[in-house]
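Enquirer: Below you will find the structure I want to go over with you.
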Amino acid sequence: MKGKEKLLEELLSSIKSHSHYSQDDAHLEVDGNKILASATVPGLIMDLDETENGIEGEIRLKAGTVIEKPVHLCFGMIPENGVQKINLNVVLEEDSKVNFLTHCTFPNAIELEHIMNSEVHVGRNASYTYFEKHTHSNSGGIKVIPKTRILLEEHAHFKTEFELIKGRVGFMDVDYRAECHDNSILDMIARISGRKDDIIKIHESGWLRGRHSRGVLASSIALRDDAKAEVFSELIADGDFAQGHVDCKEIIQDRGVARAVPIVQVNNPKAHVTHEAAIGSVDSKQLDTLMSRGVSEDDAVDMIIKGMLRRT
């Protein structure tokens, strides 16, 4: 069994290409079920316990606390096999603001499960931004199953971005559902690239319950080889002057299979929700342009897909 220092060194090494922060910044680093390191700042409380297969507890931001620098959360597993379960209750009290940068790293996965269950409560006039970037091995031997329930109070803002474009997806089943009250804003964005026999399932929904609540559900999925994806995106508008948009873009190559199911339900004549879904192959004009400049077909496809999945 490797020591704590060695595990920490390997975990941090595996994310250093996209994670830069000082050990003095607020952060949490977890390998499997071990909390390797953590630090907080005034107003941020992390009350967490190690369990048999992961960690559980609460992260709370006290009322009026504004954290200017990102809070880094690092979840990973160095071993090839195992299960990691993360159970978190996240609470932002009123008038608080935080930006979480989360790095989920599984560089050696052969038969791993990463299960995340979380409840997020964003208080009145609070702002929560959560960028989750996954880095997997190329074996495809991992199951990623995140489930999140979100409650947005008046004038709250919640934005989440999920990105997995490095390594194989394996099997992924994402389930995010949000309830939005008066003047709240919901943004859910996913960018995922699947290869070989990867399976991608996304179920995301937003209930625009309050007056002037707004929501956007956007996903960009690229599939190659025999990868499959199903994206179920739903916005329900009940509040006066609620507004929303669902946008799903999927590129398929080879024998990839994609299914997009945008659902919009408007229960109030003063509300307005739109949707757009597009499934197709790589744009032939872009492909011809790149190949005419000496780029191989495979490299040209990679460039076009990376452009679509690039974080904006």
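Enquirer: Counting only residues that are buried (at least 17 other Cβ atoms within 10 Å of the Cβ), over 22 Å from Q243 (Cβ atoms) and of a type in the set (D, E, K, R), how many does the stretch 144-174 have?
Expert: The qualifying residues number 2.
Enquirer: Sort out which residues of the stretch 237-272 are buried (at least 21 other Cβ atoms within 10 Å of the Cβ) and hydrophobic (A, V, I, L, M, F, W, C), and write them in order of number. Spell out the reasoning first.
Expert: Step one: list which residues in the stretch 237-272 are buried (at least 21 other Cβ atoms within 10 Å of the Cβ), which gives 237, 239, 242, 244, 246, 248, 250-251, 256, 258, 260, 271.
Once the filter is applied, which keeps residues that are buried (at least 21 other Cβ atoms within 10 Å of the Cβ) and hydrophobic (A, V, I, L, M, F, W, C), the stretch 237-272 yields A237, A242, V246, C248, I251, A258, A260, A271.
Matching residues to (1) at pLDDT 90 or above; (2) over 24 Å from K196 (Cβ atoms):
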position: Q243; (1), (2): yes, yes
position: Q253; (1), (2): no, no
position: G280; (1), (2): no, no
position: G294; (1), (2): no, yes
position: D299; (1), (2): no, no
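Enquirer: Can you name every residue in the stretch 254-281 that is under 24 Å from the mean Cα position of the chain (by Cα) and in a loop (DSSP other than H, G, I, E, B)?
Expert: As a first pass, look at the stretch 254-281 and keep what is under 24 Å from the mean Cα position of the chain (by Cα): 256-264, 273-280.
G256, the sole residue that qualifies.
Enquirer: Sticking with this structure for a sec: Could you list, in sequence order, the residues of the stretch 99-134 that are over 12 Å from the mean Cα position of the chain (by Cα), under 19 Å from K85 (Cα atoms), of a type in the set (S, T, Y) and crowded, with 20+ Cβ neighbours inside 10 Å? It would help to see each step written out before you state the result.
Expert: Step one: filter the stretch 99-134 for residues over 12 Å from the mean Cα position of the chain (by Cα), giving 99, 105-115, 117-128.
Keeping just the survivors that are under 19 Å from K85 (Cα atoms) gives 105-115, 117-120.
Within this subset, residues satisfying the condition of being of a type in the set (S, T, Y) are 105, 118.
The one that is over 12 Å from the mean Cα position of the chain (by Cα), under 19 Å from K85 (Cα atoms), of a type in the set (S, T, Y) and crowded, with 20+ Cβ neighbours inside 10 Å: T105.
Enquirer: Moving on to the next point. When only residues in the stretch 219-231 that are surrounded by fewer than 21 Cβ atoms within 10 Å (Cβ to Cβ) and modelled with pLDDT of 95 or more count, which is farthest from D197 (Cα to Cα)?
Expert: Top of the filtered list is E230.
Enquirer: Looking for something touching a Phe, Trp or Tyr at 6+ places or on another chain (Cβ under 6 Å), farther than 18 Å from T105 by Cα and of a type in the set (D, E) - is there at least one such residue anywhere in the stretch 167-187? Let's see the steps before the verdict.
Expert: Restricting attention to the stretch 167-187, the residues satisfying the condition of being touching a Phe, Trp or Tyr at 6+ places or on another chain (Cβ under 6 Å) are 179, 186.
Checking the rest, the ones that are also farther than 18 Å from T105 by Cα come to 179, 186.
Subsequent filtering for residues that are of a type in the set (D, E) retains 179.
Scanning the stretch 167-187, I find at least one residue that is touching a Phe, Trp or Tyr at 6+ places or on another chain (Cβ under 6 Å), farther than 18 Å from T105 by Cα and of a type in the set (D, E), so the answer is yes.
Enquirer: Which condition number does D95 fail, the rest of (1) in contact with a Gly (Cβ under 7 Å, 6 or more places away or on another chain); (2) surrounded by fewer than 19 Cβ atoms within 10 Å (Cβ to Cβ); (3) closer than 23 Å to D24 by Cβ being met?
Expert: (3)
Enquirer: I've got another one for you. State all residues of the stretch 31-53 that are under 20 Å from D95 (Cβ atoms) and either in a loop (DSSP other than H, G, I, E, B) or in contact with a Cys (Cβ under 7 Å, 6 or more places away or on another chain) (or both); if no residue qualifies, say none.
Expert: T40, V41, P42, G43
Enquirer: Write out, first by first residue and then by second, each pair whose Cβ atoms fall under 6 Å of each other, whose residues are 6+ apart or on separate chains, and whose first residue, in the stretch 143-154, is closer than 18 Å to M172 by Cβ and touching a residue at least 12 places away in the same chain (Cβ under 8 Å) while the second is of a type in the set (S, T, Y) and part of a strand (DSSP E or B).
Expert: T148/S118; T148/Y176
Enquirer: In addition: Have a look at I78, I59 and point out the one that is aliphatic (A, V, I, L, M) and outside any loop (DSSP other than H, G, I, E, B).
Expert: Values: I78 fails: outside any loop (DSSP other than H, G, I, E, B).
Being aliphatic (A, V, I, L, M) and outside any loop (DSSP other than H, G, I, E, B) holds for just one of I78, I59, which is I59.
The values are calculated or read from the model by the stated rules, or taken from the named source; none is laboratory data. Because the structure is a prediction, the values reported are computed rather than measured. With ideal geometry, Cβ positions are generated from the backbone for all residues, glycine too; neighbour counts draw on all protein chains shown.
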